[in-house]
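Here's the structure we're looking at; comments come further down.
The values are calculated or read from the model by the stated rules, or taken from the named source; none is laboratory data. These figures come from a predicted structure and were not determined experimentally. Surface areas here come from the heavy atoms of the whole protein model, side chains and all, with no ligands, DNA or RNA. Shrake-Rupley method; radii C 1.70, N 1.55, O 1.52, S 1.80 Å.
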Amino acid sequence: EKNQRQEVFLRAASHQLKTPIAAALLLVEGMRNEIGKYKDVKAYLPEVKKQLLSMQKIVEDMLQLNYQAENREREMVSVDELVRETLKSYGVQTEAKRFAVEFKGSGTALTDRELMKKVIDNLISNGVQYTPEGERIEIEVEGGNLRIRNYGVVIEEKLLPNIFEPFVSSMDGRGKGLGLYVAAYYSKILGLELTVENIENGVQSVLKFKSEQEIMEI
């Protein structure tokens, strides 16, 4: 189990690093080609630095994650605060793809903050990666559940039974299928229930808190 966890950590690190790397590349390419607002290099160079610092933090976090998995500390965590923090890191991508992100609800949960943040980050990352340009993502915290719905795409029915397995690619073969694998693994460590299903013109991920871990509405 320890070897499996270490393998998951390595996969999680590479998966999470894709986000700031993609953002930094978009910014640099826009500035290099003087596209639109990116002509203002002085304004957007700090954004590149911000993404590089984000990469650095991810590496540092992953180095601590093995310890955190074995030494979990439960505390009252603001779930909506974690969602907002995560959404900020995907601002460049959502703007580039021109789709809306709608978020509502609030609540707290008795859980490990850092591991919970990893679960939320991987679920949102999955939505951002696969949501087509011009579509939308809806996120809601309510009644002991965190729901994330992304529209304009569905998972192939034949893949649904194995969606939490590593390297299961979906959506026309894009991606490596690691986001849901990592999210499911961390959810299991935290004692949470994660489900993913197709809905009308979209995909819904639901993170359900059990008994004493349930989200308490504010």
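Annotations for the structure displayed:
- Amide hydrogen proximity for residue 77: with H placed 1.01 Å from N in the peptide plane, the residues at 5 or more positions away or on another chain lying under 5 Å are 109, 110, 111.
- The stretch 78-125 - accessible surface per residue (Å², probe 1.4 Å): 38 Å²
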